[in-house]
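The values are calculated or read from the model by the stated rules, or taken from the named source; none is laboratory data. Keep in mind that what you see is a predicted model, and the values were worked out from it rather than measured. Virtual Cβ from ideal backbone geometry, glycine too; neighbours counted across all protein chains shown. Surface areas here come from the heavy atoms of the whole protein model, side chains and all, with no ligands, DNA or RNA. Shrake-Rupley method; radii C 1.70, N 1.55, O 1.52, S 1.80 Å.
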Amino acid sequence: MAFFNTSAEDRYKKQIQEFLFEGETIEHVYGLAIDFVALTNKRLIFVDQSLFGKETGVVSIPYSRIDEIGIVKDKFWSMSDKIMITTKHDKHELKLLQGKDEALKFYNTLAKYIC
């Protein structure tokens, strides 16, 4: 599970509950610079401000619609905290709060869901 305190994790899980449909379960939750990203048994759900200007919105992407993912590396080949997600219509950049190690865990977990 994510690398932040239990109260933050519980808060994110509570916030996302209203977006889940019957039979969908939260499997992983990670903090983002804006809010959170969740991996469910069906899809990726995250808060994105860039699509909505000054307002934030919830984005939902079924795993089958993700074309590619990437993790940003710095000049010295170490991982960064940024994940790139590409669909047919959009590119999304997620900046994880937990740092490089959690970003790599998120990347690997998401890769398992889409492959």
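Return yes or no: is F4 at pLDDT below 75, within 14 Å of E102 (Cα to Cα) and in a loop (DSSP other than H, G, I, E, B)? Yes.
Residue by residue, here is whether (1) assigned to a strand (DSSP E or B); (2) modelled with pLDDT under 85 holds:
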| site | (1), (2) |
| --- | --- |
| K13 | no, no |
| I16 | no, no |
| H28 | yes, no |
| L39 | yes, no |
| F46 | yes, no |
| D67 | yes, no |
| V72 | yes, yes |
| F76 | no, yes |
| H92 | yes, no |
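Within the stretch 73-84, residues that are open to solvent by 60 Å² or more (accessible area, probe 1.4 Å) and among the acidic types (D, E) have Cβ atoms under 8 Å from residues that are at pLDDT 70 or above and part of a strand (DSSP E or B) in these pairs: D74/S80, counting only partners at least 6 apart in sequence or on another chain. For the stretch 95-115, the set of residues classified as modelled with pLDDT of 90 or more and open to solvent by less than 20 Å² (accessible area, probe 1.4 Å) consists of F106, L110, listed by residue number.
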